[in-house]
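Here's the structure we're looking at; comments come further down.
The values are calculated or read from the model by the stated rules, or taken from the named source; none is laboratory data. Everything numeric in this text was worked out from a predicted model, so none of it was measured. Because the Cβ atoms are built from the backbone with ideal geometry, glycine has one as well, and the counts that use them run over all protein chains shown.
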Amino acid sequence: MLIRGFFCGLCGLILLTLSATTAVGEDTLISVPSPSAQGANDFVSWSKLGPDATLLGASFSAPLAVGTVPGTVTLAGANSVVSVVCAASPCSWKGPGFTAADSLLWTSDAGNSGNGPVTLTFTAPITGAGAMIQANAPGAFTAQVQAFNGVTLLGAFTANSIAGAAVYIGIQDQTAANITKVVFSLTACGTLDVSGCTDFAIDTVNLNVGPAIVAFQTHALSFGVQPLATPSSPAAAFLLNSGGAFMAINSVTTSGANSGDFSVNQAACPSPVAPAGNCLLSVTFTPTAPGPRKSSISVADSAFGSPHTVVLTGVGTAASLSPTTLPFAPQKVGTGSTAQPTTLTNKGTVTMNVWQIAILGANPGDFSQTNTCASTLGPGVPCTINVTFKPTATGARSATLLISDDGGGSPQAVGLTGTGTP
C-alpha cells in the first residue's frame with residue numbers, strides 16, 4: 001500500500017484560506033473551521049469498516065458511531081481503502097495533520113487514480129457535517145464541502161492548504177436541519193497529481209443530527225442576603241445546547257413579584273446557539289425592599305420544552321455591615337488587642353429596630369464588643385461596633401459577631417479570627 005509520506009516533502013506549516021459559494025436555497029449556511037466548532041453528536045467512523053487496507057465498494061452504508069440518522073457513502077468507483085495514519089502498525093498514511101492511528105477513507109483506486117468525491121446521503125435531514133481532508137499528491141490543494149437538500153445546493157465552502165497538510169472543512173445550516181446530502185471533494189491539487197484531484201483521504205466525518213436539546217445547567221440561583229440598592233456580584237446561568245440543531249433565542253425575560261430586583265445581561269447569549277454551544281446569562285440582584293425576594297428568568301427559544309426557566313431568589317436587607325470580617329493579629333494569651341470597628345448602617349427608608357448584638361461560635365469568650373448602636377436606627381443612620389480580641393488559649397481562635405434586627409436577612413454576621421500566642 002502506498003505510503004503518502006513519500007510524496008510529502010513540502011508538507012509543513014499550514015496556511016488556510018476559506019471561501020464560500022452563495023447558497024441556491026434560502027437557508028443560512030456557515031463554514032465550520034474545526035472539529036470542536038462542529039460540536040458533533042454523531043460520527044462516520046471509518047474504523048468500523050475494517051483494519052488498514054480493507055477494500056471498499058463504490059457504495060455502502062455509512063459506518064455511524066451512534067446511528068441516529070442512517071446514511072449511505074457513495075464513491076466514483078470500487079476499491080477505495082481504509083487507511084490508518086502512521087505511526088500505528090499496520091498503517092498506510094503518513095501525511096501531516098491527521099492524528100496517528102486514525103482510520104481514514106482513502107479514495108485511491110486499484111490503479112493510479114482516485115474515486116473521489118465522497119458523497120454522504122442521509123435518510124433524514126441533518127444540520128451539518130465536517131471532516132479533515134488531505135490530498136494524496138504533495139503540495140497545495142483546495143478542499144470543498146457542499147450541502148444539498150435533495151438536488152438543491154444549499155451552500156458550499158472551500159479551504160486551501162498552502163503547504164499540503166490536512167485541513168478541516170465543515171458546514172452547518174443555521175436555519176434548520178435541511179441537509180440531506182454532503183459532498184467532500186478537491187477542487188485543486190498539486191502538479192504531481194494524476195487523478196484529476198479525485199485521490200485524497202478523509203478522516204472521521206463529524207455530524208450534527210437531530211433537534212436542539214437544551215437545558216439550564218442550574219435551575220435556581222440564590223444570591224443570599226444583599227444590602228438594599230446595592231448590586232450583587234453577577235451570577236451565571238448557562239443554557240446548554242446538547243442537540244444537533246441550532247437553537248434560536250426569541251426572548252429573555254424576568255417575571256414574578258420581584259422581577260425588578262433582578263437584571264439579566266445577554267451579551268454572551270448569541271442567537272442562534274450552535275450545537276454543543278451555550279447561552280450565558282449574567283444575573284445581578286439589587287434588592288429594592290427588605291426581606292425575601294423572588295423572580296425567574298424565562299428563555300423563549302426554538303427547542304422542545306420552551307420556555308426554559310431559572311428561579312432567582314435573594315434577601316434584601318436594610319442592615320449594611322462594613323467590613324464583614326475582622327481578622328486580628330497574633331495576640332499573647334490573656335492580653336487584649338486594640339479594638340477593631342465594624343459599622344452597621346440602615347440603608348432603608350424606614351426606622352430599623354436593633355434587637356441584639358452578640359458573639360457566638362467556637363471561641364466566643366476570646367472576643368468582646370462595645371457599640372454605639374441604639375435600639376433603633378433611622379434611615380441612613382450608622383452606628384459602630386468595636387471588637388477586641390483577648391485569647392484564652394494558644395492557636396487559632398474564631399467566633400462570629402451577630403446582629404439581630406428587623407432590616408431583613410437577620411441576623412447579620414461578621415467573622416472574627418485571631419491567633420493566641422504564648
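General observations
- Breaking point among (1) surrounded by 20 or more Cβ atoms within 10 Å (Cβ to Cβ); (2) more than 18 Å from the chain's Cα centre (by Cα); (3) at pLDDT 95 or above; (4) not small (Gly, Ala, Ser), for THR286: (1)
- Matching residues in region 271-320 - criterion: being in contact (Cβ under 8 Å) with a residue 12 or more places away in the chain, of a type outside the set (Gly, Ala, Ser) and assigned to a loop (DSSP other than H, G, I, E, B): PRO272, PRO275, THR286, PRO287, THR288, PRO290, PHE304
- Checked against the criterion of being surrounded by fewer than 18 Cβ atoms within 10 Å (Cβ to Cβ), charged (D, E, K, R) and at pLDDT 95 or above, region 361-379 has no qualifying residue.
- Residue match in region 330-338 (condition: touching a Gly at 6+ places or on another chain (Cβ under 7 Å), surrounded by 14 or more Cβ atoms within 10 Å (Cβ to Cβ) and part of a strand (DSSP E or B)): yes
- Of all residues in region 178-210, those satisfying the criterion of being at pLDDT below 95 and out of contact with any Ser or Thr (no Cβ under 9 Å at 6 or more places or on another chain) are GLY190, THR191, LEU192, ASP193.
- Options THR230, THR175; residue that is surrounded by fewer than 20 Cβ atoms within 10 Å (Cβ to Cβ) and assigned by TED's automatic domain parsing to the domain that holds LEU153: THR175
- Residue within region 223-232 that is in a loop (DSSP other than H, G, I, E, B) and β-branched (Val, Ile, Thr) present: yes
- Filtering region 294-315 for residues that are within 18 Å of SER410 (Cα to Cα), β-branched (Val, Ile, Thr) and more than 16 Å from the chain's Cα centre (by Cα) leaves a non-empty set.
- Any hit, region 136-158, residues being crowded, with 19+ Cβ neighbours inside 10 Å, in contact with a Leu (Cβ under 8 Å, 6 or more places away or on another chain), of a type in the set (A, V, I, L, M, F, W, C) and at pLDDT below 95: yes
- Some residue of region 118-132 being under 29 Å from the mean Cα position of the chain (by Cα), more than 25 Å from LYS48 (Cβ to Cβ) and in a strand (DSSP E or B): no
- Boolean, LEU207 is under 29 Å from the mean Cα position of the chain (by Cα) and more than 23 Å from PHE98 (Cβ to Cβ): no
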